[in-house]
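Peer 1: Mind looking over this structure? Questions follow.
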Amino acid sequence: MVTDLESGIVLVNRTFCDIVGYSEEELVEMRMADITHPDEAPLNINRFRRMVEGGGTGFRIETRYIRKDGQVVRISKSMSPVRSDNGDIVQAVAVVRNGAGRESVQDEACRLAQIIASSDVAIVSIDTDMNIQSWNRGAQKLYGYSPAEVLGRSIMMIVPPEKFDEECSLMRSIRRGETVHSHETIRVHKDGSVTTVSLTAEPIYDDNGLVVGISKIARSHPRMSG
């Protein structure tokens, strides 16, 4: 589910529709509060506002929704901000799972990539050892590799040697909880050519507040000759 900054629903997938019992056409005319149990709404609204107004990195919450048929369902929701090139939060994306329970960071990252898979924006998640854990269609288009070719391999495979030190320095900063906004750098395409990208990277936290991974969003600039 993708929302605007006023918690209005702007995009949902079929799984979310099945959870709440509404059609996509109905949901895009609604707000999150319309499907949230009244007892849970104040906490949900407060957490959402703190994320948007405080420039946070997202949150995870177990809450209750009310389906169209009136049935109450318990869900686990992980919400993250979507940022523009200059680092401003412009939307929010939620990964919603039916039923309370823990979900691995890698699963969340993969589901998040699926929600916005139609975008040309490259979205990649890596673990703290810099190994690739998720790779969306935008990343495949930008870098030329399919997910099968990169999952489990080091992110350094797309970093040119002259940028190794820079990349390691950025990763150390993010592991400390810092966020990198619109950093211009270069990456190597599968065909060997070099492309300039604007990179935004943020830490991924577990339920205990520990950094367990890194989310990276890259947008392409005109390709340089390789």
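The values are calculated or read from the model by the stated rules, or taken from the named source; none is laboratory data. Small disclaimer: the values here were computed from a predicted structure and weren't measured. Cβ coordinates were reconstructed from backbone atoms using ideal geometry, including for glycine residues, and neighbour counts include every protein chain displayed.
This table checks each residue for (1) among the acidic types (Asp, Glu); (2) out of contact with any Ser or Thr (no Cβ under 7 Å at 6 or more places or on another chain).
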| site | (1), (2) |
| --- | --- |
| Gly144 | no, yes |
| Arg153 | no, yes |
| Gly177 | no, yes |
| Asp191 | yes, yes |
| Ser198 | no, no |
| His221 | no, no |
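Peer 1: Moving to a separate point now. If I ask for residues that are under 16 Å from Ile75 (Cα atoms) and not aromatic (Phe, Trp, Tyr), which ones from the stretch 15-24 would you list?
Peer 2: Thr15, Cys17, Asp18, Ile19, Val20, Gly21
Peer 1: Could you please let me know if Val95 is modelled with pLDDT of 65 or more, hydrophobic (A, V, I, L, M, F, W, C), closer than 19 Å to Tyr22 by Cβ and surrounded by 15 or more Cβ atoms within 10 Å (Cβ to Cβ)?
Peer 2: Taking the combined requirement at face value, the residue satisfies it.
Peer 1: Then there's this: Which of the residues spanning the stretch 134-152 are surrounded by 14 or more Cβ atoms within 10 Å (Cβ to Cβ) and over 19 Å from the mean Cα position of the chain (by Cα)?
Peer 2: Residues satisfying the conditions are Gly144, Tyr145, Glu149.
Peer 1: Go over the candidates Phe59, Phe16 one by one and state the one that is among the aromatic types (Phe, Trp, Tyr) and without any contact (Cβ under 8 Å) to a residue 60 or more places away in the chain.
Peer 2: Among Phe59, Phe16, only Phe59 is among the aromatic types (Phe, Trp, Tyr) and without any contact (Cβ under 8 Å) to a residue 60 or more places away in the chain.
Peer 1: Give the stretch 59-68 a look and list any residue that's part of a strand (DSSP E or B) and either surrounded by fewer than 17 Cβ atoms within 10 Å (Cβ to Cβ) or touching a helix residue (DSSP H, G or I) at 6+ places or on another chain (Cβ under 8 Å) (or both), or say none. Working first, answer last.
Peer 2: Quick first cut of the stretch 59-68, residues part of a strand (DSSP E or B) only: 59-66.
Phe59, Ile61, Glu62, Thr63, Tyr65, Ile66 - these are the residues of the stretch 59-68 that are part of a strand (DSSP E or B) and either surrounded by fewer than 17 Cβ atoms within 10 Å (Cβ to Cβ) or touching a helix residue (DSSP H, G or I) at 6+ places or on another chain (Cβ under 8 Å) (or both).
Peer 1: Restricting to the stretch 153-202, and then to whatever is assigned to a loop (DSSP other than H, G, I, E, B) and β-branched (Val, Ile, Thr), can you tell me which residue is surrounded by the most Cβ atoms within 10 Å (Cβ to Cβ)?
Peer 2: Per the criteria, the residue is Val159.
Peer 1: Residues in the stretch 82-101: is at least one outside any strand (DSSP E or B) and touching a Cys at 6+ places or on another chain (Cβ under 7 Å)?
Peer 2: For the stretch 82-101, residues outside any strand (DSSP E or B) and touching a Cys at 6+ places or on another chain (Cβ under 7 Å): absent.
Peer 1: Which one of the conditions (1) under 19 Å from the mean Cα position of the chain (by Cα); (2) basic (Lys, Arg); (3) not in a strand (DSSP E or B) does Arg219 fail to meet, given that it meets all the rest?
Peer 2: All conditions are met except number (3).
Peer 1: Just to be sure I understand the filter: pairs with C-beta atoms under 6 Å, separated by 6 or more residues or on different chains, first member in the stretch 69-86 and crowded, with 18+ Cβ neighbours inside 10 Å, second member part of a strand (DSSP E or B) and among the aromatic types (Phe, Trp, Tyr). Which pairs pass?
Peer 2: Close Cβ pairs satisfying both conditions: Ile75/Tyr65; Met79/Phe59.
Peer 1: Okay, moving on. Would you call Val20 in contact with a Leu (Cβ under 6 Å, 6 or more places away or on another chain) and farther than 26 Å from Leu210 by Cβ? First the steps, then the outcome.
Peer 2: Numbers: in contact with a Leu (Cβ under 6 Å, 6 or more places away or on another chain): no; farther than 26 Å from Leu210 by Cβ: yes.
When the stated conditions are applied, Val20 does not pass them.
Peer 1: Whether any residue in the stretch 51-58 is on the phi < 0 side of the Ramachandran plot, crowded, with 17+ Cβ neighbours inside 10 Å, in a strand (DSSP E or B) and not assigned by TED's automatic domain parsing to the domain that holds Glu184 is what I want to check.
Peer 2: Scanning the stretch 51-58, I find no residue that is on the phi < 0 side of the Ramachandran plot, crowded, with 17+ Cβ neighbours inside 10 Å, in a strand (DSSP E or B) and not assigned by TED's automatic domain parsing to the domain that holds Glu184, so the answer is no.
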